[in-house]
Each structure stands twice: as structure tokens, then as C-alpha cells.
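To start, the structure under review is shown below, and the notes come after it.
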Amino acid sequence: MEKKIRTVLGDISKESLGFTYSHEHLWCCPPSVQKDRDFELTDYESSLEELKTFQSIGGQTLVDASTLDYGRDGNKLKAMSEESGVNVLGVTGFNKHIYFPEWVQEESIEQITDRLIYDIENGMDGSDARAGILKSGSWYNLVHPLEDKVTRAVAWAQKETGAPIWLHTEAGTMGQEMLAILEEEGVDMELVAVGHSDRNADPYYHLKLAEKGAYVQFDGCGKVKYYPDSTRVELVKNMLENGFGDKLLISGDMGRKSYLHAYGGGPGFRFIKTKFIPRLLEEGVTEQQIQAIFYDNPANWLAKF
């Protein structure tokens, strides 16, 4: 039987996924330790408007990567999916140790694993919207002991549920180390995507991740404060020219008010579809390769239920 993809409205076929952004944010409220409240997206109508914009340009599926330590709300995600007609995937798991609630220190790996499994099998945040992805993260050039702990819980939950895994890497560091923890726990690397990889604009590093079997995600498109998109284009070409076009995911991670048009910022959800993809095509990436990055690869990564 063909595996399904778990959205907040239920399981769908791979063919139903369509054009996909594999890491964005619709609703999130990081804890008070995060002093920059630009990261807080809690205006329902603005987030819905941005999602409808995505739908209007041909977007069919969006992964909301907000975790249980980052103000996730399964009820809001379900309502936005219903109102917009866009498939929305929710995430269970963790961002990075500075956001962790106190119970992460107190509970056992088994107890944390049970929480994650509940979100996948029953629903998130008191809703019946089930999570479709597991997430863990690390710090800048460091895997904190609590991050190691929850990453092992994520691995245990993955083996119990089959759910795919997405990894937060701070500034693109520690991707290989995080994969090593998951591998030690028996997780198949084909199930894992390493996020923010383009923040570390090192072609060698990206190939090493892909050689392990993991998906490599670039999610900084349009954020020229880090470096120009010309660099990202070359990073994309590096993956394609080395035979890893089937391991590449691209999204925007527009997780700030100042990134979203509906909140008064930019470049917004329009950017990749209307500007970055046309640029890739102009610079020699083929339509077939675009199809793989935004349709086939997300479907193959996410279809695990």
C-alpha cells in the first residue's frame, strides 16, 4: 500500500501534495527568552492572508515548522488550512535548548517520546490536528545535552510512528553531528531533512549531508542580509551537478513579521514561486529539476504513514 502524507486535516496521497514549501511559519509565539518579538506570528487574519497568497500563486502544500516549545497551535493551523484550501502540515518536537520548557529537563526520554507520539497519533494542542513531522534542533557549533536528549526522543518516536524528521541547525552548523545521533538510534537517513543548510554556504558540507542519504534543505531564499541569492543559486547547482537533485528541498522559512507581506514586510510567500524559481530557470536549472525540488522530493520525504 502506498504511504500517505499526514496533514492537519487528515492523510493525503503523494499525488495530492502538489507544489510545496517545506519549511514556513503561519502561527508561532516563542517564549519570553526570545526578546525579538518580530518572531511572533499571532495575527490570525494576517497569517491566513499570507497563506491565501500562497494558494493564489499555485501553492498547494505548506509545512508549518512551529514546534511545541515555539508556540505552535494545532487549532489555528487546522482553521487556516480549511479556510485557504492549502494542505498544511504540523510539526511536533523541539527547536533549540534556549526555548525548552522545564519539563524537558525533568522528564525521561521515554516520557518525552510519548508526548511526541501523542501529537502524531491523536492531535496537537488539544485539537484533532495530527502532526505529520518530527523536529529536533541544535545550537551554534554545539549540541547541548538537552538537545541530544530530545533528539533521541525524536528518533524513538520516529521508529514507533514512521514520521519523517526535520532538523533545525543553528546557522547551518552541526548537521552531521545531529545525523550521527539519529543514526546511532537506528533512524534511516532517508527519512531526515537537514534544515537551514544554506546558512552554511559550504558546498562540501552539503554534499556530505546528501551522501549520508539525508535531504538537504535550503530555506533562506530572498534573505540577502546573509548573502546574495547568487550564492544560493550556486549552492543549488552544486547539489544538482553532483547528482543530488533528488535530495534537495527549498523553502523560505519566512518566520518573522518583517518577512511577510500580510504583516507589512517581505519578501513573503510569493518570492520563491514568482522570483527565485524563474531565476533558477534563467540560470540553467531545468523544469524537470524544479519539479523534483518542489513536488517530488517533498512528497517522497513526507509520505510515511
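The values are calculated or read from the model by the stated rules, or taken from the named source; none is laboratory data. Predicted, not measured: the structure shown is a model, and the values here were computed from it. Please note: Cβ atoms are built from the backbone with ideal geometry, for glycine as well, and neighbour counts cover all protein chains shown. Accessible surface is based on the protein model in full, side chains and every heavy atom, while ligands, DNA and RNA are left aside. Shrake-Rupley method; radii C 1.70, N 1.55, O 1.52, S 1.80 Å.
Summary of values
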{"quantity": "Some residue of the stretch 202-211 being touching a Lys or Arg at 6+ places or on another chain (Cβ under 7 Å), among the acidic types (Asp, Glu) and surrounded by fewer than 17 Cβ atoms within 10 Å (Cβ to Cβ)", "calculated": "no"}
{"quantity": "Every residue from the stretch 99-110 that is part of a helix (DSSP H, G or I) and open to solvent by less than 90 Å² (accessible area, probe 1.4 Å)", "calculated": "Tyr99, Trp103, Val104, Ile109"}
{"quantity": "Tally, over the stretch 234-252, of residues that are open to solvent by 10 Å² or more (accessible area, probe 1.4 Å), on the phi < 0 side of the Ramachandran plot and not basic (Lys, Arg)", "calculated": "8"}
{"quantity": "Pair list, Cβ < 7 Å and 6+ apart or interchain, from the stretch 95-118 residues that are at negative phi to residues that are of a type in the set (Ser, Thr, Tyr) and surrounded by 17 or more Cβ atoms within 10 Å (Cβ to Cβ)", "calculated": "Asn95/Thr67; Asn95/Tyr70; Lys96/Ser138; Tyr99/Tyr70; Leu116/Thr92; Ile117/Thr161"}
{"quantity": "Looking only at the stretch 1-10, and only at residues there that are in a loop (DSSP other than H, G, I, E, B) and either among the acidic types (Asp, Glu) or open to solvent by less than 10 Å² (accessible area, probe 1.4 Å) (or both), the one that is farthest from Phe54 (Cα to Cα)", "calculated": "Glu2"}
{"quantity": "Positions within the stretch 260-274 being of a type in the set (Val, Ile, Thr) and open to solvent by 50 Å² or more (accessible area, probe 1.4 Å), in sequence order", "calculated": "Thr274"}
{"quantity": "Selection count, the stretch 25-77, where residues are open to solvent by 20 Å² or more (accessible area, probe 1.4 Å) and more than 24 Å from Lys273 (Cβ to Cβ)", "calculated": "15"}
{"quantity": "Selection count, the stretch 11-31, where residues are outside any strand (DSSP E or B) and among the charged types (D, E, K, R)", "calculated": "2"}
{"quantity": "Check on Tyr226, among the hydroxyl-bearing types (Ser, Thr, Tyr), farther than 26 Å from Glu190 by Cα and open to solvent by 60 Å² or more (accessible area, probe 1.4 Å)", "calculated": "yes"}
{"quantity": "Residues that are among the charged types (D, E, K, R) and over 30 Å from Gly162 (Cα atoms), drawn from the stretch 260-305", "calculated": "Arg270, Lys273, Lys275, Arg279, Glu282, Glu283, Glu287"}
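Rundown of residues vs (1) among the aromatic types (Phe, Trp, Tyr); (2) over 22 Å from Ala299 (Cβ atoms); (3) under 18 Å from the mean Cα position of the chain (by Cα), yes/no style:
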| site | (1), (2), (3) |
| --- | --- |
| Arg152 | no, yes, no |
| Trp156 | yes, yes, no |
| Gly172 | no, yes, yes |
| Leu182 | no, no, yes |
| Gly186 | no, yes, no |
| Leu207 | no, yes, no |
| Gly213 | no, no, yes |
| Gly222 | no, yes, yes |
| Tyr226 | yes, yes, no |
